[in-house]
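Beneath this line is the structure, given in structure tokens, with notes to follow.
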Amino acid sequence: MSRKTTLITAAAVAVAALIAGLAYWLAQPSYDDVVKACKKALAAQGDREGKGRPADCDGVRKNDYDALVLDAALNHLGWTDKDGNFDKQKMIDSLDDQP
């Protein structure tokens, strides 16, 4: 095999590997997609009164996961307004309803 053939073959293999790596990287969900899936899983888990970290939350950073858990808990308790913001009055009203 001549030197030129070897270089062409090596270049073709390198380009093919680069294209395959790029395709694999582009097929991965973005961090925002992972967080959205985690938020949905936590909401569904709260409805079922499940415990533990859902598998959909595996790629979420600890601080973000903690915030999502708190958000899901507040939503589940009904302490948020229509925009998803904490509503102190709803919390007080729900505590007043307790026997």
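Laid out as a table, the results:
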{"read-out": "Set of lysines near Lys36 by C-alpha distance (under 30 Å), chain-local residues within fewer than 8 positions excluded", "value": "Lys51, Lys62, Lys82, Lys88, Lys90"}
{"read-out": "Answer label for Kirkwood radius over Cα pairs in Å (calculated), chosen among [x] 14.4; [y] 15.4; [z] 17.3", "value": "[z]"}
{"read-out": "The chain - accessible surface per residue (Å², probe 1.4 Å)", "value": "80"}
{"read-out": "Residue-averaged [θ]222 nm for the chain, counting only DSSP H segments that reach four residues, each worth -39500 (n - 2.57)", "value": "-23000 deg cm²/dmol"}
{"read-out": "Efficiency of FRET between Lys88 and Ala55 - r from beta-carbon atoms, R0 30 angstrom, step 0.05", "value": "0.30"}
{"read-out": "Helix 31-48 vs. the chain, principal-axis angle (Cα, 0 to 90°, nearest 10)", "value": "40"}
{"read-out": "Surface share of carbon and sulfur [accessible, 1.4 angstrom probe, percent] for the chain", "value": "60"}
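The values are calculated or read from the model by the stated rules, or taken from the named source; none is laboratory data. All of these numbers come straight from a predicted model, not from anything done at the bench. All Cβ positions, even for glycine, are placed from backbone atoms using ideal geometry, and neighbour counts span all protein chains on display. Calculation scope for accessible area: heavy atoms of the full protein, side chains included, ligands and nucleic acids excluded. Shrake-Rupley method; radii C 1.70, N 1.55, O 1.52, S 1.80 Å.
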